[in-house]
Amino acid sequence: MFGKLTLDAIPLSQPIPLIAGGVVLVAILAVLAWVVIAGHLPYLWKEWITSVDHKRIGVMYTLLAMVMLLRGGSDAILMRGQLAIAYQSQGFLPPEHYNQIFSAHGTIMIFFVAMPFVIGLMNFVVPLQLGVRDVAFPTLNSVGFWLTATGALLVNISLVVGEFARTGWLPYPPLSELTYSPTVGVDYYLWSLEISGVGTLVAGINLVTTVLKIRTKGMNYLRMPMFCWTTLASNLLIITAFPILTATLAMLILDRYLGFHFFTNEAGGNLMMFMNLIWAWGHPEVYILVLPAFGIFSEVVSTFSGKPLFGYRSMVLATMAICVISFMVWLHHFFTMGAGPNVNAIFGIASMIIAVPTGVKIYNWLFTMYGGRIRFTTPMLWAVGFMVTFILGGLTGVLVAVPPADFLLHNSLFLVAHFHNVIIGGVLFGVFAGYIYWFPKAFGFRLHEGLGKIAFWFNFIGFYVTFVPLYAAGMLGMTRRMQHYDIYEWRSWMIAAGVGTALLSIGVLFQVAQLVVSILRRDELRDYTGDPWDARSLEWSTASPPPVFNFAVMPEVKTEDAYWEMKAKAAHGEPQPEIHYQPIEMPRNSPTGFVCAFFATITGFSLIWHIWWLVIAGVIGAFVTFVVFAWRDSDEYEIPAAEVERVDRENIAERRSLVTAAGSV
Amino acid sequence: MSMVAVTAHGHSLGIVEHPGPASKRIITGYGFWIFLLSDIIMFSCFFAAFAVLMGQTAGGPTGAQLFELRNVAIETIALLLSSFACGMASIAADVRNQFWFQVAMVVTAVLGLAFLTIEFREFASLIARGAGPTRSAFLSAFFTLVGCHGLHVSAGILWLFTMMAQVYAKGFRADIQRRMLCFALFWHALDIIWVAVFSVVYLLGSMA
């Protein structure tokens, strides 16, 4: 009846996951109870859960990422805490639990923090920057988000029902095969990523179609803000790389569920094929994450230097070059496979070449700042912190791209330090900058600057105190994924890294405090102008938060930095064009995404536990959901011209009153 | 629609101004094309796996011993004809002819089901002969690649029947026409993949 699922699946003997799971469960139940008792449920359902508005979906993606960041961060604290004390002792985490923690940490941070964070920001910002009203496929957008949430939910369920993979964040066979991993851990990994991978693919298709086919009048390719370009490049990579992940994990699923021999030791299976396939996805994946961050930095640096982006066209070229070359370097993840000197040399050189367009970008940002009137706001601090940190990470990257050096550093803590250096210093700094930069656009008030700056400095210093020791320990020969160690020379570095993690944790606490304090004091932080940073692109030309239709009249673009140009013209007293309001058609809300994710959760969970009848029920449910969706008669509603005019006039009046107030002083 | 941009100084830059968002039909078709491309990339992984594992028969039967090209030829003809029928259905949808639309879709479905039946019998006979997917890495790759295409055809037939019911119930509404466009693209894409399966798996495979 319940397949492999029995009461034994709940880890009553392990206090840490049980307590953690219990706390999370109580927190979720408390929030749910509050939502129901306070009567917020209809609002949540109508305005958020069933929303197909790209802005709302973007915010939900970001929220999911931030919640999962706390989960992945707790894993990190556990690991660094363990290693700070596990010198010639077992520490507080038994090996089978420690292995699950480092696997879950990597999986969560990449798939359920970094991915939803960048996709959330792209979703929110890109249609606004392109001067349009929505993405190409609004309902699919909602489906994509909810499928991502399904994957995150399954990973978290593994905390209390069964266990998670012990194989690392990429389940290398033969360890991940049924022979060596007979429990449900790897299955949790596989199904949650298959399901969220579909969600990511949907988001990628949606955003590429949006950028290529839905731009306002005059928004030529070479007038698009840089963030739109990096979004395009990143989502092209999603479309080309994520199917590889889906196929590769499907092969591993077939091995585990039906006894196929893709990656097994026996019957001719080839485990190195897994490494090749997974990294053919995995290397583009890091550029999927970091390219949008590059876009964010371009916006932030240009805005807070008060200058147009230096070398716009070279930036476009560099972005697209990275997009292509990122598919030609995957083998550098396993130089030690023994593909021979020629193959290794080619991939080593390609890996160094990809540093060139990245270097171009760094110089462009520096020259954008050069001679500018720089304002060191929190997003700008993150951007400058990124430039310093990312250069260091890039240099160690070039180091490990040299095959002979890599033979020594492969799978050492040096490598761990390198990729945290580029992913924290690149992606995480980027999404934090973007989150603070666009927060006032999303909610109509700014985040508290003081707390944000304290958070930045704790995170920035904490990062170095954590990861520089890992470089050193890696040089001293310490390999990754060790649960305890007996070598005295490593000990002080591990303690230092533990201290760094404490600093990082304080930084995260300040970020949480920043959000809470800003919400409490939102009235003083309110932004009435829609343009709190004196910025340059079209998202700032509409109100904060933007009306559901984004723009009352779709703007017509004549130059790069379209909004800057509009402001300049208005300042010169050029006559504003007469506005003719038209009724606007907007997509209707739909519960399709949520219901679909509900069935995906059921299907995924029952696949993990081999509850076959429930699998069939879940699949039928998902199909019925789609048919019901396809059967609806109207998918749009009309906002009358008078309503559009009312909303827009209110916004214009508010802005005008501010301008005249400023003028009279 | 296009016009030449003129700068403040009156110089023509020769830039073609972007005319604004595309029509819904173009957006839908374009998005679906991108989906199909991603689907083809997924297939290319299974093709790559098949190419790597083709020789790994683990002492079991090889392609040359297993494949019956006559059956495969019939399958191919059935699938290609079904694409022709699907094209007819698209034309019928364009001229909004309910009767011929339904007839052409039924023909498409029958040919598709014929294809699936032959494939299913091939799989069943292989398994009965002890040449199932668990026998060797070569057979794992074979069953996965060909089976994945078969799954796509099955999903396509489910979509096809849903499409027929919808056109019957709602007529040729604009959004249903767009859906039909996507279905036709999907069905033709399955042909393209089958041509590759036929060449790489069956023709090259029976030489190995």
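Spatially, segment A:575-631 and segment A:391-437 are offset by 38 Å when compared through their Cα centroids.
By how many degrees, between 0 and 90 and to the nearest 10, does the Cα long axis of helix B:69-94 differ from the longest principal axis of chain B? Value to nearest ten degrees: 20.
Scalar couplings 3J(HN,Hα) for segment A:224-233, obtained by applying the Karplus form with A = 6.51, B = -1.76, C = 1.60 to θ = phi - 60°, are 5, x, 4, 4, 5, 5, 5, 4, 4, 4 Hz; x denotes Gly and Pro.
Close Lys pairs in the protein assembly as shown, defined as Cα atoms under 22 Å apart and 8 or more places apart or on different chains, number 22. Taking the Cα centre of segment B:22-207 as origin and assigning +1 to Lys and Arg Cβ atoms and -1 to Asp and Glu Cβ atoms, the resulting dipole is close to 440 debye.
Against chain A, whose longest principal axis comes from its Cα atoms, helix A:488-520 is set at around 30 degrees. Placing dummy labels 7 Å off each Cα toward the beta-carbon, the span from B:Tyr168 to A:Ala9 is 4.0 nm.
Each Lys and Arg Cβ is given +1 and each Asp and Glu Cβ -1; about its Cα centre, segment A:166-246 then shows a dipole of about 620 debye.
Couplings 3J(HN,Hα) of segment B:124-136, computed from phi: 4, 5, 4, 5, 5, 7, x, 10, x, x, 8, 5, 8 Hz, in residue order, whole Hz [Karplus 6.51 cos²θ - 1.76 cosθ + 1.60, θ = phi - 60°; x for Gly and Pro].
In a reduced charge model with +1 at each Lys and Arg Cβ and -1 at each Asp and Glu Cβ, segment A:105-225 shows a dipole moment near 760 debye about its Cα centre. Under 16 Å from the 7 Å Cα→Cβ point of A:Trp34, by amide nitrogen: which residues of segment A:493-521? Correct set: A:512-521. Segment A:247-295 and segment A:307-325 have Cα centres separated by 30 Å. With respect to chain A, whose longest principal axis is taken over its alpha-carbon atoms, helix A:95-107 is tilted by about 30°. According to the square roots a ≥ b ≥ c of the eigenvalues of the Cα gyration tensor, what is the shape class of chain B, taking rounded for a/c under 1.5, prolate for a/b larger than b/c otherwise, and oblate for the remainder? Because a/c hits 1.5 or more and a/b fails to exceed b/c, chain B counts as oblate. Mean residue ellipticity, 222 nm, helices only, chain A: the sum of -39500 (n - 2.57) across DSSP H runs of n ≥ 4, divided by residue count and rounded to 500, is -22500 deg cm²/dmol. Under 5 Å from the amide H of B:Ile15 lie the amide H atoms of B:Ala5, each residue being 5 or more positions distant or on a separate chain, with H modelled from the backbone and absent for Pro and chain starts.
How big, in percent, is the set of alpha carbon pairs in the protein assembly as shown lying more than 53 Å apart? Across the protein assembly as shown, Cα pairs with separations above 53 Å total 15 percent.
Each Lys or Arg adds one and each Asp or Glu takes one away; over the other residues whose Cβ falls under 12 Å from the Cβ of B:Met180, this sums to +4. For segment A:26-41, the Karplus equation 6.51 cos²θ - 1.76 cosθ + 1.60, evaluated at θ = phi - 60°, returns couplings of 4, 4, 4, 4, 5, 4, 4, 4, 4, 4, 6, 5, 6, x, 8, 4 Hz by residue, with Gly and Pro reported as x. Expressed as a fraction of 2.2 N^0.38 Å, the value expected for a compact globular protein of N residues, the C-alpha radius of gyration of segment A:1-249 is 1.13. Other residues whose C-beta falls under 14 angstrom from the C-beta of A:Gln90 contribute a net charge of -2, scoring Lys and Arg +1 and Asp and Glu -1. Each semi-axis of the equivalent ellipsoid for segment B:86-208 is √(5λ) with λ an eigenvalue of the Cα gyration tensor; in descending order they amount to 34, 14, 11 Å.
Each reported figure results from applying straightforward, stated rules to the coordinates on display, with no laboratory input. Note that the coordinates shown come from a computational prediction; the quantities given were computed from them, not determined experimentally. Quick reminder, even Gly has a Cβ in these numbers, built from the backbone with ideal geometry, and neighbours come from all protein chains shown.
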